[in-house]
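Notes follow once the structure below has been shown.
The values are calculated or read from the model by the stated rules, or taken from the named source; none is laboratory data. Everything numeric here is computed off the predicted structure, so don't read it as measured data. A quick note on method: Cβ atoms are made from the backbone with ideal geometry, for glycine too, and the neighbour counts reach across all protein chains shown. Just so you know, the surface numbers come from the protein's heavy atoms only, side chains and all, with ligands and any DNA or RNA stripped out. Shrake-Rupley method; radii C 1.70, N 1.55, O 1.52, S 1.80 Å.
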Amino acid sequence: MSGETLTSGEYIKHHLTNLTFGKHADGGWGIAHSAAEAKEMGFWAIHLDTMFWSLLLGALFLYFFSKTAKSATRGIPGGVQNFVEWIVEFIDSSVRGSFSARNTLVAPLALTIFVWIFLQNLMDLVPVDVIPEISKLLGIHFMKVVPSTDPNATFGMAIGVFLLVLFYSIKIKGVGGFVGELTLQPFSSKNPVVNLLFIPINFILEFVSLAAKPISLALRLFGNMYAGEMIFILIAIMYNAGLILGLFGGVLQLGWAIFHILIITLQAFIFMTLTIVYLDMAHHEH
Amino acid sequence: MNINLTLIGQLLSFAVFVWFTMKFVWTPIMGALETRKKEIADGLSAAERGQHEQELAKERAKDVLHEAKAQAAEIVAQAQKRAAEIVDDSKATARTEGERILSAAQAEIEQAANRAREQLREKIGRLVVAGAEKILRKEIGADVHQDIVTALAKEI
């Protein structure tokens, strides 16, 4: 518990502040010492904790999977290989189920999204104070360990997916086809003048639905994980409020963590499935 | 909750991760899975083929066994026939041989009897002559039978 001198509000705020590296107001570069300072840094700053944990988890995933893939035998698979193959086949069947075009990128993309997001979300199950307290001992004052509670991480992935959607839309349908898709439907008329009038209306409708794709992807994941994290933080506050409430908090934390196992898997799965569906839509005229 | 450079960093690392997964995770694992799938399919079809072949072989074996049984029966029948023939043959041969031996023996017996009869006749002749000689020696003399002698002499 880091609440020796902090109020509950400060405690929560402390937990929600990233370790930000950027340009200080006075012109020097360095780590922000408070949430306000981090905010002042604007766009040209980077969240070291988000980057560190997501890269670490991603590297862990890739190391583990590529090591297994390298030694994958076509004979009877062992325990680790079985596990990896199980995940790979699960992803493969999901992709086959929702994606009807041929594209070798989609399945590895879905695998990366699923496992990476799952691992990021999994950090949520580590009790909220453990890693921040350890890093405090190491002299690091802010440490937000769940990368998917940082909108930068979720928007980073969602924008990546969105760029692929745009790329494949234009590649498959051509610039004209893609623009037509944005402007000539859902309203259309045989009269060319009326059709011309429909173009802006269609564009507004279609553009909103197009832009909603990455935004909803990113915000759904971020919102779920952020809310989950917040509840863990609120439960952690109870530990400071006496023995009875502390014990009650412990029970609550256990319950919420168990329930959260479902959420973190579900969110990773939803992100993956929607990515596949969006890319499938990009490959088809409608 | 500030949007900042982290976004770009995350985007780039996401791209690199996807590329890496595609190249070093997905392709080899799917390759291994495909190979195994193919091998299992091959194995299953081979097993099916083997079973089919085994059934055929069983059928063939049945046929062969059947044929062999028929052949064996035929051979046994032939052998029995042949044996009967041989027995008959040898019986016939034995009979003719026996008859031949019998007739030869009879001929020999006859010969021996004839010979004995000849010898007996000769001996009896001689005895008769000797007896006659003894009897005649007493009664016959040249003077007693002068007339017969002279008659004979005349005839010469």
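Points to keep in mind about this one:
- Taking the criterion of being open to solvent by less than 30 Å² (accessible area, probe 1.4 Å) and either assigned to a helix (DSSP H, G or I) or within 7 Å of chain B (Cβ to nearest Cβ) (or both), the residues of the stretch A:73-104 that qualify are A:GLN81, A:VAL84, A:GLU85, A:ILE87, A:VAL88, A:ILE91, A:ASP92, A:SER94, A:VAL95.
- Qualifying residue in the stretch A:221-236 (condition: within 22 Å of A:ILE263 (Cα to Cα), in a helix (DSSP H, G or I) and free of Cβ contacts under 8 Å to residues at least 12 places away in the same chain): yes
- Hey, B:GLU39 more than 14 Å from every other protein chain (Cβ to nearest Cβ), of a type in the set (D, E, K, R) and assigned to a helix (DSSP H, G or I) or not: no
- Criterion (open to solvent by 80 Å² or more (accessible area, probe 1.4 Å) and among the polar types (S, T, N, Q)) met by exactly one of A:ASN240, A:ASN202: A:ASN240
- Test for B:VAL64: is it open to solvent by 50 Å² or more (accessible area, probe 1.4 Å), within 14 Å of chain A (Cβ to nearest Cβ) and in a helix (DSSP H, G or I): no
- For the stretch B:1-13, residues that are among the hydrophobic types (A, V, I, L, M, F, W, C) and either open to solvent by less than 10 Å² (accessible area, probe 1.4 Å) or touching a Ser or Thr at 6+ places or on another chain (Cβ under 7 Å) (or both) total 0.
- Of all residue pairs spaced 6 or more apart or on separate chains, those with beta-carbon atoms under 6 Å, a first member in the stretch A:87-113 that is free of Cβ contacts under 8 Å to residues at least 40 places away in the same chain and a second member that is open to solvent by 40 Å² or more (accessible area, probe 1.4 Å) and assigned to a helix (DSSP H, G or I) are A:PRO108/B:MET22.
- Looking only at residues of the stretch A:199-213 that are of a type in the set (A, V, I, L, M, F, W, C) and out of contact with any Leu (no Cβ under 8 Å at 6 or more places or on another chain), we find that the one that is nearest to A:LEU274 (Cα to Cα) is A:ALA212.
- Residue match in the stretch A:107-123 (condition: in a loop (DSSP other than H, G, I, E, B), within 11 Å of another protein chain (Cβ to nearest Cβ), touching a helix residue (DSSP H, G or I) at 6+ places or on another chain (Cβ under 9 Å) and farther than 15 Å from B:SER13 by Cα): no
- Exactly one residue out of A:THR154, A:THR183 is in contact (Cβ under 8 Å) with a residue 12 or more places away in the chain and either within 14 Å of chain B (Cβ to nearest Cβ) or open to solvent by 30 Å² or more (accessible area, probe 1.4 Å) (or both): that is A:THR154.
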